[in-house]
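The values are calculated or read from the model by the stated rules, or taken from the named source; none is laboratory data. Predicted model, so just to flag it, every value in this text is computed and none were measured. Here the Cβ positions follow ideal geometry from the backbone for every residue, glycine too, while neighbour counts run over all protein chains shown. Side chains included, ligands, DNA and RNA excluded: accessible areas come from the protein's heavy atoms. Shrake-Rupley method; radii C 1.70, N 1.55, O 1.52, S 1.80 Å.
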Amino acid sequence: MPDHTDHRAAGATPEPVPSSDPARSAAPEPAPEVDARADADAKADNVDANADADTRAFRTLLRGLRVWESELPSFAARRAPAEPLPLFRQWLSEAAEAGVPEPHTMSLATADAAGDPSVRIVMLHDADEHGWHFGTHRDSRKGRELAARPRAALAFYWPAVGRQVRVRGTVTAAGPEESAADLHHRSTGALAAALVGRQSEVLGSAEELARAADAAWERAAREPDAPVPSWTLYVLRADEVEFFQGDPHRRQHVRLNYRRTEGGWEKELLWP
């Protein structure tokens, strides 16, 4: 989940009201409370004093960035459907209508046999009663990791509407026919990229890639059904799906979690 802490300066602390109790009035005044935000800023300034100019400029940039400066949609979790798929489809459609670029892209997190994680951005190919679909070469890094540990997590983030969706579950590989159909329903560019192959391998030079890409584009245009045996469609069957609706005032974010059970889906609200 992105960090939505608001870095704008807090308002002034109200002055304490004097006590009418003489005994209390005679007591030493308590030390003024330290403004936690001001204290944090002072410490950051001390750290910055020892940093080089580039580091200071970068930190200043980060502290000045803002999120959710516009109105965001509301989310009445109590009216959410009994299963997560209809809500996911609705939210993705609303993100597209709100002008979110590439709302069908998502972060895909996997882990290798030793448990070391990897994350990257991939494209959602479908979401249906079977699960969330995406494709890759089975000999790529993510393909090898899914073979070793067939579980993964997905994350969608749509900043224009202050929403994110997190999905976690078990991943299965589709068969050759379904995988080929998935690839050949996509664009010529997608087929050309798949024909280049060798994903995640060490590349000798940019010129080597250019030659391979040109040859792949020529073949994809000439042979739209060209086979790519390594291309595999993967389907994530969700155990949990969480919907997050941000609140621009950082007070009442709504988190609705769907959890799969033997009897179906259970819904639960989570603290933000």
Pair list, Cβ under 7 Å, 6 or more apart: the range 72-93 residue without any contact (Cβ under 8 Å) to a residue 24 or more places away in the chain, other residue surrounded by 11 or more Cβ atoms within 10 Å (Cβ to Cβ): P81/L87
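Tell me whether the range 234-250 contains one or more residues that are within 24 Å of the chain's Cα centre (by Cα), among the β-branched types (V, I, T) and under 30 Å from L87 (Cα atoms).
Residues of the range 234-250 that are within 24 Å of the chain's Cα centre (by Cα), as a first pass: 234-250.
Those still in the list that are among the β-branched types (V, I, T) too: 235, 241.
Restricting the remaining residues to those that are under 30 Å from L87 (Cα atoms) gives 235, 241.
Yes, that holds for at least one residue.
Residue-wise test of (1) open to solvent by 60 Å² or more (accessible area, probe 1.4 Å); (2) modelled with pLDDT of 95 or more.
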residue	(1), (2)
L146	no, yes
R151	yes, yes
R163	no, yes
R166	yes, yes
T172	yes, yes
D182	no, no
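Within the range 75-144, considering only strands (runs of 3 or more DSSP E) that don't extend past its boundaries, which have at least 3 residues that are closer than 18 Å to A174 by Cα?
On the way: elements: 105-111, 117-123, 126-128, 131-137.
It comes to 126-128, 131-137.
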Long-range neighbours under 9 Å by Cβ, at least six apart or interchain, first residue closer than 30 Å to V165 by Cα and of a type in the set (S, T, N, Q) within the range 216-241, second open to solvent by 80 Å² or more (accessible area, probe 1.4 Å) and not in a strand (DSSP E or B): S230/R138; S230/D139; T232/R138; T232/P176
Tally of residues being surrounded by 10 or more Cβ atoms within 10 Å (Cβ to Cβ) and among the aromatic types (F, W, Y) across the range 262-272: 1
Some residue of the range 157-167 being touching a residue at least 24 places away in the same chain (Cβ under 8 Å), in a loop (DSSP other than H, G, I, E, B), farther than 18 Å from H125 by Cβ and of a type outside the set (D, E): yes
The listed residue being free of Cβ contacts under 8 Å to residues at least 24 places away in the same chain, in a helix (DSSP H, G or I) and either of a type in the set (S, T, Y) or open to solvent by 70 Å² or more (accessible area, probe 1.4 Å) (or both), out of R211, R259, R198, R251: R211
Counted residues, the range 100-143 - those being small (G, A, S) and surrounded by fewer than 16 Cβ atoms within 10 Å (Cβ to Cβ): 5
Single residue of the range 46-70 satisfying the filter (part of a helix (DSSP H, G or I) and either modelled with pLDDT under 80 or of a type in the set (D, E) (or both)) that is most open to solvent (accessible area, probe 1.4 Å): D54
